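Take a look at the structure set out below.
Only the coordinates and a few stated rules stand behind these numbers; no lab work does. In this text, all values refer to a predicted model and were calculated from it rather than measured experimentally. A quick note on method: Cβ atoms are made from the backbone with ideal geometry, for glycine too, and the neighbour counts reach across all protein chains shown.
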Ligand SMILES: [Zn+2]
């Protein structure tokens, strides 16, 4: 599961690889937002400009995409491998 090394957020991440289409009023800095559940599984992905292909790819390989903490905007995101 992803987690932020700065603020320990493990729920809400964006992707620096998917820039927002246009700067928005709410200050979004990613074209994609991923909600993770307590088990580190993707609960939902919200598109703010990301195309369908990117959304699907992000769901399949989240580690490749989610590298931005949306709680403190740090890119110091780590991934915890947990074998189930
Ligand atoms: Zn953070």
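For region 45-84, what does the alpha-carbon gyration tensor say about shape, rounded, prolate or oblate, given a ≥ b ≥ c as the root eigenvalues, a/c under 1.5 as rounded, and a/b over b/c as prolate? Mind showing how you got there, number by number?
Numbers: a/c = 2.65, a/b = 1.18, b/c = 2.23.
Judged from the Cα gyration tensor, region 45-84 comes out oblate (a/c at least 1.5, b/c at or above a/b).
Would you compute, from DSSP H runs of 4+ residues alone, the mean residue ellipticity of the chain at 222 nm, taking -39500 (n - 2.57) per run and dividing by the full residue count, rounded to the nearest 500?
-3500 deg cm²/dmol
Indicate the gyration tensor shape class of region 2-79 (rounded, prolate or oblate), computed on the Cα atoms with a ≥ b ≥ c the square roots of the eigenvalues: a/c under 1.5 is rounded; otherwise a/b larger than b/c is prolate and the rest oblate. Kindly include the intermediate steps, with their values, before the conclusion.
Working: a/c = 1.78, a/b = 1.17, b/c = 1.53.
Judged from the Cα gyration tensor, region 2-79 comes out oblate (a/c at least 1.5, b/c at or above a/b).
Given a Förster distance of 22 Å, report the FRET efficiency between residue 51 and residue 74 from their Cβ-Cβ distance, rounded to the nearest 0.05. Walk me through the numbers before you get to the answer.
Values: r = 26 Å, r/R0 = 1.18.
The computed FRET efficiency comes out at 0.25.
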